[in-house]
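Undergrad: Take this structure first; my questions come after.
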Amino acid sequence: MELTELTPIKEEIKGVLGDKIDDETLEAELKRYLNDYGVGIEQTKRGIIRKYGGADMTMVVTGSSVSKKIGELTGSEQNVDIVAKVLYAETKEITVRGLAKQIISGILGDETSTTQFTIWEPGSITLEKGSIYNFKNCYTKVWNEKVQINLGNRGRVELAHGVEMDVAERVIQTNPTECKISELKEGQGNVSVTGRIISMEARNVVARGRETTVYSGVLADDTGKVQFSAWNDLGLKEGETISIKGAYVRGWRGIPQLNLGDRCEVSRVDAVFDVVESGSSRKTVAEIVKVGGGLDMTVEGLVVDIKAGSGLIKRCPQCNRSILNGICTAHGQVTGINDLRLKIVIDDGTGAIGAIVKRQDTEKLTGITLNAAEGLAMAQGEGVVAREMATRILMKRITATGNVMSDDYGPSMIVNTTSHVETDVLKEANALLDELEAAL
Ligand SMILES: [Zn+2]
């Protein structure tokens, strides 16, 4: 295509970007997108506008369904088609909301970039490494400041026949990045961290068929705590402040874990160092979403929802799983043991996070003890317990502390401690029992 034919397109882009791009750069970009990348005019417009004007401006020209190159993805696409080569793919089993399911994840590449992808409902889809596919109806998210491609139940995968593609080289990082613990994110390689060892243990595990020792512990700085592990005995002791260079970050359900691999350098630091000690690191939900999870985090916000599975529940006496209708998924028909639990959503204005609250804190937050709940269930039915709890905590402000994990549905906290505006558990419980007795 001759550049003279592009005048209307140039005018349109300049109309959006104004003086954010000069003529020379615009012409070079147009050539690159249209000739080198071989993408269509609409995508070219969006790509250039996004690159020079930011994601927000893209909305001006974005239609409903589009196809894009990986390098053009912003992480906010809801419905996008991507033709890409599978560089790596594996089938994994994950647990979502207590159920095991298979997913396929790996790395896709095209001429513009490479990125991770996940197929959440693979069905009978199989992917062959090195083959090029058309991934349809994808959505994207930003994770570790990188865009990831997701295929949900609307997603489709078709072999792209007769398409050839040279894949962009992956970016390799060389200098260690100095990080605070709260900044660590799954997938980071080559990071440097300084912190104090607040616990340390050596455990024997079986790895690749032979018994070996793993040295693990918890490292803290003034921003947070992180679990770390090493396969070599580095002679690390509780209370020492250390500087780690060249570690990498793996994740377990969104919780970052620091791995001290063979190329990692560890040195002792002779410095007084403030750490988040017995307490925890207070975070906004937005900050937690950004890193995906972590240990001992505290959020404060309003309880905006109570989910199904809250209130009086029954647990398997053998494995402690919550059971439905007397059936444990592992042990079959069992006589369940009563327990209390809350599954709530806490919103702090920056975002919302799911939280699972165990019995003790459920009693504390709602003022309804297990005994009172059993009485209430007997008198008025089990569903009443959750409804009564809801009236007592919905739209109340609480703080919750616990470990935060993430899955495709976002972050959730397994709560260890909670607090809110004073509730006298005994007094409230007695009042409730009085009420009950009066009703019987
Ligand atoms: Zn069981």
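The values are calculated or read from the model by the stated rules, or taken from the named source; none is laboratory data. Since this is a predicted model, take the numbers as computed values, not measurements. FYI the Cβ positions are ideal-geometry reconstructions off the backbone, even for glycines, and counts take in every protein chain you see.
Undergrad: Of these, 360, 380, which one is away from the ligand (no atom under 13 Å from the Cβ), among the polar types (S, T, N, Q) and under 31 Å from the mean Cα position of the chain (by Cα)?
TA: Criteria check complete, one pass: 360.
Undergrad: Further question: Return yes when residue 75 is at positive phi and not acidic (Asp, Glu) and no when it is not. Walk me through how you get there before you give the answer.
TA: Values: at positive phi: yes; not acidic (Asp, Glu): yes.
When the stated conditions are applied, residue 75 passes them.
Undergrad: Give the stretch 82-132 a look and list any residue that's at pLDDT 85 or above, surrounded by 15 or more Cβ atoms within 10 Å (Cβ to Cβ) and either in the same structural domain as residue 43 (by TED's automatic domain parsing) or out of contact with any strand residue (DSSP E or B) (no Cβ under 7 Å at 6 or more places or on another chain) (or both), or say none.
TA: none
Undergrad: Please go through the stretch 302-316 and pick out each residue that is more than 10 Å from the ligand (Cβ to nearest atom) and either on the phi < 0 side of the Ramachandran plot or assigned to a strand (DSSP E or B) (or both).
TA: 302, 303, 304, 305, 306, 307, 308, 310, 311, 312, 313, 314
Undergrad: Further question: If I go through the stretch 217-238 residue by residue, how many of them are more than 23 Å from the chain's Cα centre (by Cα) and either surrounded by 13 or more Cβ atoms within 10 Å (Cβ to Cβ) or among the hydrophobic types (A, V, I, L, M, F, W, C) (or both)?
TA: Residues meeting the conditions: 5.
Undergrad: Select, from 103, 125, the only residue that is outside any strand (DSSP E or B), without any contact (Cβ under 8 Å) to a residue 40 or more places away in the chain and hydrophobic (A, V, I, L, M, F, W, C).
TA: 125
The rows are residues; the columns are (1) more than 16 Å from the ligand (Cβ to nearest atom); (2) surrounded by 15 or more Cβ atoms within 10 Å (Cβ to Cβ).
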site	(1), (2)
267	yes, no
300	yes, yes
318	no, no
322	no, yes
325	no, no
333	no, no
342	yes, yes
